[in-house]
Amino acid sequence: MNIYLPIAEISVNMFLLLGMGGAVGFLSGMFGVGGGFMMTPLLIFIGVPPTVAVATGANQIVASSVSGVIAHTRRKNVDFKMGFMLLIGGVVGSTSGVWIFTALTALGQIDLVIKLAYVLFLSVIGSLMFIESARALWRKRCGYNLSGNAHKRKDHSGWQHKLPFKMRFRRSKLYISALLPLSVGFVVGILVAIMGVGGGFIIVPAMIYLLGMPTSVVIGTSLFQIIFVTANVTILQSTSNQTVDIVLTLLLLIGGVIGAQFGARAGMKLQGEQLRVLLAVMVLSVCLKLGFDLIVTPDDLFNVGLPGGH
Amino acid sequence: MHLVRLTSAFLSLFVTSLCLNDARAQSTNEIVAALDDHVVAIDTSFSGSKVLLFGATEGEGDVIVVVRGPSRDEVVRKKDRIMGVWANNEEVTFSGTPVFYNIATSATLTEMVPASTRQRLELGPDYLNSYLASNSRDIGDAKKEEFWAALLRNKKNNGLYASEAAQVKFLGKRLFRADFFFPPNIPIGTYLVYVYLVKDKDVVSSQITPLFVSKIGAEAKIYDFAHRHSFAYGIIAVIIALAAGWVASVVFRKK
């Protein structure tokens, strides 16, 4: 059954969209990842204009982050003060990101930049994940116990600690410069706007290794700020580019919610390292496909669009 | 009798040549045509649509039907390999290009009318006039031709321009019909259907009928709202997502 998407202006099979939402939801439930970095490329593959895919992706992540934050708030795993700092940076960053997005659209370069950003980030994340999980699998086979690999305590001599505007973050047990979370939020905000991802895959490592936050509060806090940043992107993209497709969002959400439930259950039954190798392989293959399309000579070197890129 | 026919032919010729674009000419025309539906409605289940045109001619002759979409500016971009990847590089803007162009004929077009007529009436996508937009005026003829050819090729591949003329089928000697397909990617707007009667290699009569391609129902409301009240649309999109997330968390909690 085909459905005509009002903003994307294409006719797509409804069950394909529900299935895609379900598959990505399944993966995000299983691996505990947001899934935005899988969803946007998939939408592009089925013919949704990249600009619509990115803006709609951001809208969808609002929903998945909300349910995550509610669960983490109950367990008191959200550092609201830190989250607030990240989100100020994030709102400024994503606002600049949407501005960059609009400017690139007018130049006719936005599709390329979106794809390049994906190739870059997916290849780095995919490789790191693959190496890390393959190594863990290998060690396990050799009989090492890895259960106690807590993150290293930050020493207080690094450059991060020489910055001004120090603030105390009680929930994270940190006394660091406010500039750190502000700038982390800013960089991730730009990515949210241009790639239509939550940015969890960047902000989580940054919070652990750069800010030195305890792992327990990292996920909840990052989700908290992702809600606001993706909401900001949704509103700004709607206002300046009219690229948020509500019907597409809803279809993906329905599939995603159901998929995530099954995914979470499946994730508990299966082995973590093997799953992560699998995820890494999938991320890398999406990345390869996108990269291949950019390098291989297109059938037609010319393309036609409207002035301003809509 | 002979005299009457002659005068009427002369009259219609006269009227046609005077006001080719005037719908009032219909009453004295030697050709009449109508669409089975004046609206191509894009609703949630839209996956392309067929429109049937039927009509009758007075006396024998050949028929050409042209469906032309509204005109707008189109940018043609050419990709070049930049640092290993294919990126849009040069661009040319054409103005007044029809978004959609389809043509049906009852015989081979090249045998029906001379090239001058095809050019004048823009019969067939290859005879469309190309106009450069003001920001692209300074390019050379060769480049213009290259980019224009690319535009035609692209539009044909997307199904928005006819690759070749479709058939106008005659039922008997005077009644004719033509089927047009409008693909799912069709732009909205007011389209014009031109019907020409050809006798002795000359267009002797014509008629123009409008055809509206528009979004209807929920499609139209969402699209309109997104463009007219884009800020409110963004807020609503966020609220829907927040609500959906909350519902999902309630479901999760029960498990």
Of all residues in segment B:118-146 being in a helix (DSSP H, G or I), over 20 Å from the mean Cα position of the chain (by Cα) and not acidic (D, E), the one that is surrounded by the most Cβ atoms within 10 Å (Cβ to Cβ): B:S136
Check A:I208 against each of (1) surrounded by fewer than 24 Cβ atoms within 10 Å (Cβ to Cβ); (2) touching a residue at least 60 places away in the same chain (Cβ under 8 Å) and name the one condition it does not meet. (2)
Filter segment A:32-48 down to the residues that are part of a helix (DSSP H, G or I) and of a type in the set (G, A, S) and list them by number. A:G36
Checking A:L288, A:L294, A:L284, A:L275 in turn, the sole residue that is within 21 Å of A:L122 (Cβ to Cβ) and at the interface with chain B (Cβ under 8 Å from one of its Cβ atoms) turns out to be A:L294
Of (1) away from chain B (no Cβ under 14 Å); (2) closer than 29 Å to B:E219 by Cα, A:G21 satisfies every one except (1)
Can you tell me which residue among B:P125, B:P183 is closer than 24 Å to B:H38 by Cα and out of contact with any strand residue (DSSP E or B) (no Cβ under 6 Å at 6 or more places or on another chain)? B:P183
Would you list the strands (runs of 3 or more DSSP E) that sit entirely within segment B:29-93 and hold 2 or more residues that are at the interface with chain A (Cβ under 8 Å from one of its Cβ atoms) and touching a residue at least 24 places away in the same chain (Cβ under 8 Å)? B:71-82
Would you mind stating whether B:L151 is surrounded by 14 or more Cβ atoms within 10 Å (Cβ to Cβ), facing chain A (nearest Cβ under 9 Å) and either part of a strand (DSSP E or B) or among the aliphatic types (A, V, I, L, M) (or both)? yes
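Taken together, the values in this text are just the output of simple stated rules run on the coordinates, not laboratory data. None of these values were measured; they are calculated from a predicted model. Glycine gets a Cβ as well: all are built from the backbone with ideal geometry, and neighbour counts include every protein chain shown.
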